[in-house]
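Notes to accompany the following structure.
The values are calculated or read from the model by the stated rules, or taken from the named source; none is laboratory data. All figures in this text were calculated on a predicted structure; none of them were measured in a lab. Cβ placement follows ideal geometry from the backbone for every residue including glycine, while neighbour counts extend to all protein chains displayed. For the accessible areas, the whole protein counts, side chains as well, though only heavy atoms, and no ligand, DNA or RNA atoms are used. Shrake-Rupley method; radii C 1.70, N 1.55, O 1.52, S 1.80 Å.
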Amino acid sequence: MEMGIISNYSNMGQANTEKEVQIKAVRKETETTSLLSKAAGKPVNLSISDEGRNMLREMVSQFEPKPDCANVRELTIQNTNEVAWEHYTAMRDISSLTLKDRNYNGKDVIKSIMDTYETRYNETIKQHENGNRKVSYELTGKKSLTLDEDLAGLDEAFKMRLANLAGYITCQQTNKAFENPDSSWYFHRNRPQNEAEKQDNVQLFDTLGVSQLSNNREEVINRIKHTVIQSATVFSDTRAGILKEIRETKGGYDNVDVVNACGLTYAKLYSEIEERYENGNEQYYKLDGTPLTKQDEVDWLDKEYENEVTWQKACVKIKAQKKVSLGYIPEIPIKEIEEFGNSLQKSKEDYLKLYRENKQADT
């Protein structure tokens, strides 16, 4: 045994010695060619021998990955839920009928995802009125789905759609934050989160109880209808939509238009809150599942408006700083910026008063 090991090491040493000799031969040939070219005052014309080429191929082959002999088709079948994917694409197609031309906001996306789940659920129940549903998939072929199997796939598709929603909201919030580096978010971006903020960042389908969807589907559907997602982009999306209409009509907008758009946005969102609680018998919930009251929603809207005022004042200040740096104005007009903020506060009160007067006149 000992002699065998010694012999193996001896052979390896011999092989290594042979390779070293070959490498040295290639190097010597290269160096010789280079010296001759320099002596002749001509550019180097390097020629690698066949022995050197073979040596290079052998060395490179040692680093090539070994072929994976796994059955790719079997792995694909194993990791693909075609039932869920069918429901997912169907829900996405339904949403595309209302969410198109980028003319929608976060609130529209939320409503669409929740509505399409209910639509697809009702369609699935109807398809199973006479028993199992016959399907034919690309990977798993023809099969017969029971109602439970079909609804389980729908549940998974709904989780996928909610994951899309979470990503959409995160992107919208990030885009808003980076629109203006002078926003409060920018300066507090590294501060630790408190428990309430952490709760807001949990996965959407866990807070809605979708993780146990197969056991309480009817309850979850009802909860979905009565869940109010107070996204940080709801106010800004609504205001942006109003300003877009003004820009398309006038060719642009100024600070007066911004003031009016903010006041109108507040009144519009306030009217939606009142409409939700008009009946008095409906219970609504926050995303974390805790019950919502009308006052909770009004408090949230007031806070969002205060954030909007801070945001708009920061935008005006940054524009003024740019003008100062270009020499257009001597200094930042602090007094005018404060007056602009006061105009925003008054706009909120004026439009809310107008909304209440119109509502009273209608009744």
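Six or more apart or on different chains, Cβ under 7 Å: which pairs go from a residue in region 301-326 that's in contact (Cβ under 8 Å) with a residue 60 or more places away in the chain and among the polar types (S, T, N, Q) to one that's in a helix (DSSP H, G or I) and open to solvent by 30 Å² or more (accessible area, probe 1.4 Å)? Could you list them? Here the result reads THR310/SER184, each pair linking region 301-326 to a residue that is in a helix (DSSP H, G or I) and open to solvent by 30 Å² or more (accessible area, probe 1.4 Å).
Checked against the criterion of being surrounded by 15 or more Cβ atoms within 10 Å (Cβ to Cβ) and closer than 19 Å to LEU243 by Cβ, the candidates TRP311, TRP300 yield just one match: TRP311. Residues in region 335-358 that are open to solvent by 70 Å² or more (accessible area, probe 1.4 Å) and among the basic types (Lys, Arg) were compared, and the one that is nearest to ASN260 (Cα to Cα) is LYS346.
Would you say ILE332 is part of a loop (DSSP other than H, G, I, E, B) and surrounded by 14 or more Cβ atoms within 10 Å (Cβ to Cβ)?
yes
Condition first: in contact with a Ser or Thr (Cβ under 6 Å, 6 or more places away or on another chain) and closer than 17 Å to ASN222 by Cβ. Now tell me which residues in region 255-287 satisfy that. Correct list: TYR285, LEU287.
Restricting attention to helices (runs of 4 or more DSSP H) lying wholly within region 214-289, give those where 3 or more residues are surrounded by 12 or more Cβ atoms within 10 Å (Cβ to Cβ) and modelled with pLDDT of 90 or more.
Ranges flagged: 234-250, 255-276.
Within region 126-153, restricting attention to residues that are modelled with pLDDT of 90 or more and among the hydrophobic types (A, V, I, L, M, F, W, C), the residue that is farthest from ILE273 (Cα to Cα) is VAL135. Taking only pairs six or more apart or across chains, which ones have beta-carbon atoms under 6 Å, a first residue in region 230-254 that is in contact (Cβ under 8 Å) with a residue 24 or more places away in the chain, and a second residue that is open to solvent by 20 Å² or more (accessible area, probe 1.4 Å) and not in a helix (DSSP H, G or I)? Once the first residue is in contact (Cβ under 8 Å) with a residue 24 or more places away in the chain and sits in region 230-254, its partners that are open to solvent by 20 Å² or more (accessible area, probe 1.4 Å) and not in a helix (DSSP H, G or I) give ASP237/ASN105. Look at GLU338 and say whether it is modelled with pLDDT of 90 or more and of a type in the set (Asp, Glu). Yes. Checking each residue in region 119-136 for being among the hydroxyl-bearing types (Ser, Thr, Tyr) and either open to solvent by less than 30 Å² (accessible area, probe 1.4 Å) or in contact (Cβ under 8 Å) with a residue 60 or more places away in the chain (or both) picks out TYR121, THR124.
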